[in-house]
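Scroll down for the structure; my scribbles are underneath it.
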Amino acid sequence: MPYTLSPPERHGARSGGRWPVLRMEWSADPEQLAHALDPVLARLSEGQGQGHGRARAATALEGLARAGERVLAQIQALEVAKARLEADLLAAYGALAMIEAQQVDALPAGAAARVSARVSPERVVTEEIALATGVGVGEVARRVAVATAPRRHRVMVAALARGETSLHRVLQVASDTTALPEADVTAVARAVLAPTRDGQPVAQRTFTARLRRSVASVATRGAAERHAHARSRRGVFGRLTDDGMGWLTVTTDAASIAAVMDRLDTTARGLRGAGDARSLEQLRADLATDALLNRGTSEPGDAAALAWIVVPFEVATGEADTACELPGHGWVTATHAREIITRPGSVWATLPVDLPTGRALSRPTRSYRPTRAMVEHVQAVDGVCRGPDCQVPATRCDLDHETPWPTGPTSVGNLHAKHRLHHNLKTDGIWTSTPTPDDGLAWTTLTGRSYTTHPKNWRDGADPPAGRGGPTTSSDPPQAQGDSGHRHLGAHDPPPF
């Protein structure tokens, strides 16, 4: 808690029989910080009568919420100031690079050629900055690459100067668009910076998902050749670690990886639901190891391999080249998607959606009972967890009664997909979630901040701007994500349905 108590509060003194006021004072003293909440907790346990105690508790909690909001606002302001400083930092990198390039050019005849052939001017300035600042050579090189190409990265750098993004994200976009022409870099930058539907800043998981999808959407030229080359480099790599464990990496095509992961996850969740005490990560590792060593597994709950890919109609027919989603894993190019869906044994199923919003209208099933059909319907509509910036696929989430049963009915309108973390946050009353008239779900955190999520837009990015095949972003796409690390909230337990 970043405040210390004023002297009267520290001694428990009262003023006029009313609650003492918390005075905000920044402190770096760990002992003060450790004991800062003791008087507040003591107040919550005091009271003359139950009603009076509740009123005091409500007053104290309201004060804490206001204090938290003030500190959170300060954090936001500091992040904006930091971004603007980072833009100045890039400008300084660029200025030094220009100066040292001119110094190289001014060397005696023949020297410049020798320097350029052996060590590039960019490497010279990178070493200079790394030595002066202590920042790693690799990080400095990434910054120099952006600073010396201001036109190529003008959209991201301008957003950084306005405090609307971070240097980390600028470098992330620059790295992932290295092989793209300048026009496509601009299209990708505009896509990842597009505002969210609820007006909140673009969270990191959503940003990374947008970036991957956008790059896959514009990188259509030579996609088949790149995929063939990448496939030729498939292999298995292992490395032992000094703690008696080791790493095993399998590199193969995206559809196979998605199918393997889905099979491992489904089987692991079945075992976990049957009472196996191992975590999902441990079960997946054990199942994969047993399958490789024993050429299969006799464990109960074994699931068939499945790779689910979402392909818009116009992409399937070859009329568009928008990137296609492997839900829960990422995106593949349109060419690769058409290759996957035309393989022998592929099964096509329709997913009707509302064209303006991309919202799923139904699942491809004729039955509509409060059983598996209802679960599939809710999972199709939500697509991913309805928690803020949570991209866990709905198929791996709990179905939460928004209005608790039996007060609320077990109906499609009262059910939302929520990852175990967000389900517990809502159930325990730490955060609240409230439906909105536009099918949104408004979440309120402890500081009073509100974040609204909406049903998945299954056509997100499927309608490029006129005249080019670049990506669009009308809402937040999902990305590959494993289970949350919040073990104390039961994040590794399987959904109850």
- Query: Among the listed residues 208, 165, which satisfies the condition of being outside the structural domain of residue 325 (by TED's automatic domain parsing), closer than 18 Å to residue 91 by Cα, crowded, with 17+ Cβ neighbours inside 10 Å and not hydrophobic (A, V, I, L, M, F, W, C)?
  - Reply: 165
- Note on the structure: For residue 418, the lone unmet condition from (1) buried (at least 19 other Cβ atoms within 10 Å of the Cβ); (2) at pLDDT below 90 is (2)
- Does residue 215 qualify as being more than 13 Å from the chain's Cα centre (by Cα), modelled with pLDDT under 90 and of a type in the set (Val, Ile, Thr)? yes
- Query: Looking at the stretch 422-440, is at least one residue aliphatic (A, V, I, L, M), crowded, with 16+ Cβ neighbours inside 10 Å and under 20 Å from residue 209 (Cα atoms)?
  - Reply: no
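Return a yes/no flag: does the stretch 98-105 have any residue that is loosely packed, with under 13 Cβ neighbours inside 10 Å and modelled with pLDDT under 80.
Yes.
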- Message: Filter the stretch 135-170 down to the residues that are small (Gly, Ala, Ser) and closer than 19 Å to residue 182 by Cβ and list them by number.
- Response: 145, 147, 149, 158, 159
- Considering the stretch 441-451, residues that are part of a loop (DSSP other than H, G, I, E, B) and of a type outside the set (A, V, I, L, M, F, W, C), and then whichever is surrounded by the most Cβ atoms within 10 Å (Cβ to Cβ), we arrive at 445
- Being assigned to a strand (DSSP E or B) and surrounded by 11 or more Cβ atoms within 10 Å (Cβ to Cβ) is the filter here, so list the residues in the stretch 229-276 that pass it. 248, 250, 251
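The values are calculated or read from the model by the stated rules, or taken from the named source; none is laboratory data. Note that the structure is predicted; figures quoted are calculated from it, not measured. Positions of Cβ are generated from backbone atoms using ideal geometry, with glycine treated the same way; all protein chains shown enter the neighbour counts.
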